[in-house]
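Notes to accompany the following structure.
The values are calculated or read from the model by the stated rules, or taken from the named source; none is laboratory data. Nothing here was measured: the structure is a model prediction, and the numbers come from that model. As a convention, Cβ positions derive from the backbone with ideal geometry for all residues, glycine included, and neighbour counts pool all protein chains shown.
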Amino acid sequence: MLEQLQKMLAAGKDSALLRFSLGNEWLKRDDAATAVEHLTMAVALDPKYSAAWKLLGKAREAAGDFVGAAETYRKGIETAQANGDQQAVREMQVFLKRVEKR
């Protein structure tokens, strides 16, 4: 799966969904730093992408960047609220509380 996604990116088919998928695959492979790079690009390409904000927060947390994770969750909560995505709001609020306790 990862190889197919990387081929798509190399072919110039860059998109927020592709970057989200790449970030998710790298996170599954325990490469949080690479996941952060792709997920950062995903939210740059589509700042309204609530799921990408949530996964970026998780990736930053996995990379040990708890301050960055908290900032990402806050931005993700704002984004999800603006989109009316209440489930994402609730999930990121829980993740934010956990990160703030660290």
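A few comments on the model shown:
- Segment 56-95: number of residues that are of a type in the set (A, V, I, L, M) and within 14 Å of residue 36 (Cβ to Cβ): 6
Results for (1) at pLDDT below 95; (2) within 22 Å of residue 2 (Cα to Cα); (3) of a type in the set (D, E, K, R), shown as yes or no for each residue.
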| residue | (1), (2), (3) |
| --- | --- |
| 18 | no, yes, no |
| 28 | no, yes, yes |
| 41 | no, yes, no |
| 46 | no, yes, yes |
| 49 | no, yes, no |
| 76 | no, no, no |
| 79 | no, no, no |
| 91 | no, no, yes |
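- Residue match in segment 57-78 (condition: within 12 Å of the chain's Cα centre (by Cα), closer than 19 Å to residue 15 by Cβ and aliphatic (A, V, I, L, M)): yes
- Scope segment 72-102; condition of a type in the set (Gly, Ala, Ser) and touching a helix residue (DSSP H, G or I) at 6+ places or on another chain (Cβ under 6 Å); matching residues: 76, 80, 88
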